[in-house]
There are 2 protein chains.
Amino acid sequence: MTLHYKGKAKRILSSLGVEDYDRIRIRKGSLVYEGIVIPRPEIFDDEHVILKLDSGYNVGIYLDGVEIEVLEKGKPIQRREIPSLRFREDLPYVPLIVTGGTITSRVDYSTGAVISHEKPEELLDIVPELAEIVNIDYVPLFAEFSENLTPDHWRKIAKAVYDELRKGAEGAIIAHGTDTMHFTAAALAFMLRNLDKPVILVGSQRSIDRPSTDAILNLIAAARMAAQGPIAESVIVMHGSPHDDYAFVIRGVKARKLHTSRRDAFQPVNEPPIAKVTREKIELLSNKFNPRREGRSQVELDDRLEPNVALLHVWPGMPEDMLRYAGERFKGVVIAGTGLGHVPRWLIPTVGEIVSSGVPVVVTSQCLFGRVDLQVYETGRRLLVAGVIPGGDMLPEVALIKLMYALGHTSDMEEIRRIMQTNIAGELGAHLGLNVFPPCWR
Amino acid sequence: MTLHYKGKAKRILSSLGVEDYDRIRIRKGSLVYEGIVIPRPEIFDDEHVILKLDSGYNVGIYLDGVEIEVLEKGKPIQRREIPSLRFREDLPYVPLIVTGGTITSRVDYSTGAVISHEKPEELLDIVPELAEIVNIDYVPLFAEFSENLTPDHWRKIAKAVYDELRKGAEGAIIAHGTDTMHFTAAALAFMLRNLDKPVILVGSQRSIDRPSTDAILNLIAAARMAAQGPIAESVIVMHGSPHDDYAFVIRGVKARKLHTSRRDAFQPVNEPPIAKVTREKIELLSNKFNPRREGRSQVELDDRLEPNVALLHVWPGMPEDMLRYAGERFKGVVIAGTGLGHVPRWLIPTVGEIVSSGVPVVVTSQCLFGRVDLQVYETGRRLLVAGVIPGGDMLPEVALIKLMYALGHTSDMEEIRRIMQTNIAGELGAHLGLNVFPPCWR
């Protein structure tokens, strides 16, 4: 027998002779916990012990001010048989395209083993609700934390979605790291033309082996949207509140990760969520979406992207050579300006030179919410004279990807201008009602 | 008599013999307007005429599909006497330090003249409430839209605040453009040490000559905070809601412009507003602030800033030479990473080289809300090994300014690390309660 804990937890537990799978009782003030010691998952800190309670639920207990009593020496819990996957004729087929991220990093507490994502049976063992909603299969593409993704990865994902939909899937789910999920969701929105089924990005902010995980609800909501959702868009399905009660369906081109760690980190910018999904049902919050079309998918793949595009945020005193470097190094530049889309005065001649050299410059706002308007102030008007393309209500990140898409199709400045200012996938033209700005200290 | 209009408006109006101050009637479909033609303010476009209605209210009418009839030739409206400024012994002295921005661009519709900001009497004529709260005087520094400000401007402002407080002001108000107001507010928070009075940045999203202006409430709230607020911090006082009902007092190092155009564009990140101020009173929303101290100010000026610092936001596929350029060009680099503070894998060796060359690299998150945590994932741990300084819960913009401040004081890497990780002005160590993340679609 062994003890899979480190640091402080190891010191405390081993001093009491506690080993993995022992049944112990922990008193902490007036609280008493009784359960089986679960080998420590890699991602945990060194200050908690994980107990599997008789209820089957796992808790992490902070090892401070505790009394511990060993009730019974343990033996490894037998892994129960995982039912093999059976195809249900009454449910649609939906692939789970696996790309990596927290949602794929998890530990099976019943064995201590890291679960691979190669067998959907294992996922269904953890989230059995999925088997009631969809016939699921895994499409493993790669295993990357999403900060490492590039436009090439987006192309692979788009191709996998295209293949799956063309072969009859009712929708597609993509398990994805959360860091750049909104970039990928926007990229798919541009690359999957004539989309007629839902394409769902899903991830988790806390891994599936933690009591506070958001993965289970997110997966259920994603499956429900993929199978039953009335939409045909590339969307993000993640927690809509800090509680484990519902997920939001957020249009990919209007989504942004706005919090480092909260379960409801993804929020729509400039429009309401498309829908709210609980474990039981889908509630539409908007009627503005591209509708699902029945029958075999006619989706088209248009994955021409020019990856050589820069995204620059201006700051007070930003020197012009920084912008000049980008203008010479890249085939397109997106500026996240201040306020309505402004840049420091001394950058404007450089902007003009970059545009004159044939490199399009798109202006967005680092405010994120709202829309650029280059007509209001002198700075904006001078930027227009310099030849910039106003990004409307597009997020800087979305303008970046759209400019990659435009440059993938043409190098003609006027055609690029036309593409950037034409709505392709819901990225432009949001009606900015008062209630689509989030602050709620009212 | 003359006509102060340009372009299309001039063509239409002059073809009908309309001049400034004429009484005219405009029919537009079923609508009829009757009023006095007000000389066109500079900031207006060329397609509207401004009428002063008999109600005293001004409207801008879009000159398309209109029928116009001249009812009476005009004579200039007499300007009423502006009362001269009288010092009230029972009220504190507070300077209005003028730096430019929308709040200083306005037109007196009763005369058509652009009001200069050189005479506080004129401001008090428009916002007479101020005279009941403070003895105000103008300190004109410069007139710049805030996108054009640099660390040199921040130094000038800090010096003016220092001088005014040292000579006995109970607080200071700074009229400022909104584009980079949060940068200036953070810079003042670091440069004004041992602060014992409130320093208030105020601006407006809509100019004071528009019916929807936010300037009047913001000025009243700013004056009230400067004169009576119990705090000694550099704060932003701007609308707290889209209505004209109250302003928020937001700690400068925790404030961000999050909307291009809304009146409540400024929001606190990671903490609640310090207070809510109506036309009548101050309501504290937090008890976490540096308190005002009575008596002659002992504030100190520490304006050593190294302006040569870059702020880079990473994006999927960002090439390493972009980061390398910044590492060679600047004396410090702030990275706005993804999620918990991550960068693409291939940037990490370059980060290491930059740090090894003696250039500090601070990591923040482009999520804006939350805090970086480089212990959770491999990417973060590798960044720590490469020598980055974690930015905690600082906004990227605040980390930029703090790094300018740190580099203004030392070039010793370990001392810079210590400064960046020590709370100086409330920029670090927010307690991230569930209610300090704004989304409110619940």
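None of the figures in this text is laboratory data; all of them are computed from the coordinates on show. The structure displayed is predicted, hence computed values, not measured ones. So basically every Cβ, Gly included, is an ideal-geometry build from the backbone, and we count neighbours across all protein chains shown.
Taking H placed 1.01 Å from N in the peptide plane, check which residues at least 5 places from residue A:313 or on another chain put their amide H under 5 Å from its amide H.
So residue A:313 has HN proximity to A:336, B:313.
As a footprinting exposure proxy, order B:286, A:207 by other Cβ within 10 Å, with the fewest listed first.
Ordered from fewest to most neighbouring Cβ atoms within 10 Å, B:286, A:207 come out as B:286, A:207.
Quick check: net charge around residue A:322, other residues with Cβ under 12 Å of its Cβ, Lys/Arg +1 and Asp/Glu -1?
-1
Roughly what % antiparallel, to the nearest 5, for the DSSP beta bridges in the protein assembly as shown?
60
For region A:93-301, rounded, prolate or oblate, judged on the Cα gyration tensor with a ≥ b ≥ c (square roots of eigenvalues), a/c < 1.5 rounded, else prolate if a/b > b/c?
Since a/c stays below 1.5, the shape of region A:93-301 is classed as rounded.
Cut-off 20 Å, label point 7 angstrom out along Cα-to-Cβ of residue B:62: give me the residues of region B:1-31 whose amide nitrogen falls inside.
Correct set: B:6-13, B:26-31.
Using Cα pairs under 8 angstrom and six or more residues apart, how large is the relative contact order of chain A, in percent?
About 11 percent, as a whole number.
How far apart, in nm, are two points set 7 Å out from the Cα along the Cα-to-Cβ line at residue A:194 and at residue A:70?
About 6.8 nm, to one decimal.
Neighbour counts of other C-beta atoms within 10 Å: give me A:2, B:180, A:102 arranged from fewest to most.
Going from least to most buried by this count: A:2, A:102, B:180.
Out of B:267, B:205, B:421, any idea which swings most in a Gaussian network model of chain B, alpha carbons joined below 10 Å?
Comparing B:267, B:205, B:421 in the GNM, the peak value goes to B:421.
Of B:199, B:18, B:98, which is the most mobile in a GNM of chain B whose springs link Cα atoms less than 10 angstrom apart?
It is B:18.
Under a plain spin-label model, where a point goes 7 Å from the Cα along Cα-to-Cβ, how far apart in nm are residue A:159 and residue A:384?
With each label point 7 Å from Cα toward Cβ, the separation is 4.3 nm.
For residue A:272, what charge total do you get from the other residues with a beta carbon under 11 Å from its beta carbon, if Lys and Arg give +1 and Asp and Glu give -1?
Around residue A:272, the surrounding residues sum to +3.
Using a Gaussian network model of chain B with C-alpha springs under 10 Å, which one of B:65, B:391, B:168 is most mobile by mean-square fluctuation?
Greatest mean-square fluctuation among the candidates belongs to B:65.
After finding the eigenvalues of the alpha carbon gyration tensor for chain A, what semi-axes result from the square roots of 5 times each, listed largest first in whole Å?
45, 26, 19
Averaging sequence separations of C-alpha pairs under 8 Å and six or more residues apart, then dividing by the length of region B:93-301, give the relative contact order as a whole percent.
22
May I ask you to sort B:94, A:314 by Cβ crowding, counting other Cβ atoms within 10 Å and putting the fewest first?
By the 10 Å Cβ count, ascending: A:314, B:94.
Cut-off 17 Å, label point 7 angstrom out along Cα-to-Cβ of residue B:54: give me the residues of region B:1-25 whose amide nitrogen falls inside.
Of the residues in region B:1-25, B:22-25 have backbone N under 17 Å from the label point off residue B:54.
Please work out whether region A:285-442 counts as rounded, prolate or oblate from its C-alpha gyration tensor, where a ≥ b ≥ c are the square roots of the eigenvalues and a/c under 1.5 means rounded, while otherwise a/b larger than b/c means prolate and anything else oblate?
Here region A:285-442 falls in the oblate category.
Considering only DSSP beta bridges where both residues belong to chain A, give the percentage that are antiparallel (nearest 5).
Looking only at bridges with both residues in chain A, the antiparallel portion is about 60 percent.
Can you tell me what share of the DSSP beta bridges in region A:309-420 is antiparallel? A percent to the nearest 5 is fine.
The antiparallel fraction comes to roughly 10 percent.
Pairs B:6/B:52; A:254/B:28; A:156/A:402; A:402/B:254: which are spaced more than 26 Å apart, C-alpha to C-alpha?
Checking Cα-Cα distances, A:254/B:28; A:402/B:254 exceed 26 Å.
Given R₀ = 41 Å, what would the calculated FRET efficiency be for residue B:410 paired with residue B:142, taking r from the Cβ atoms and rounding to 0.05?
Step by step, r from the Cβ atoms, then E = 0.85.
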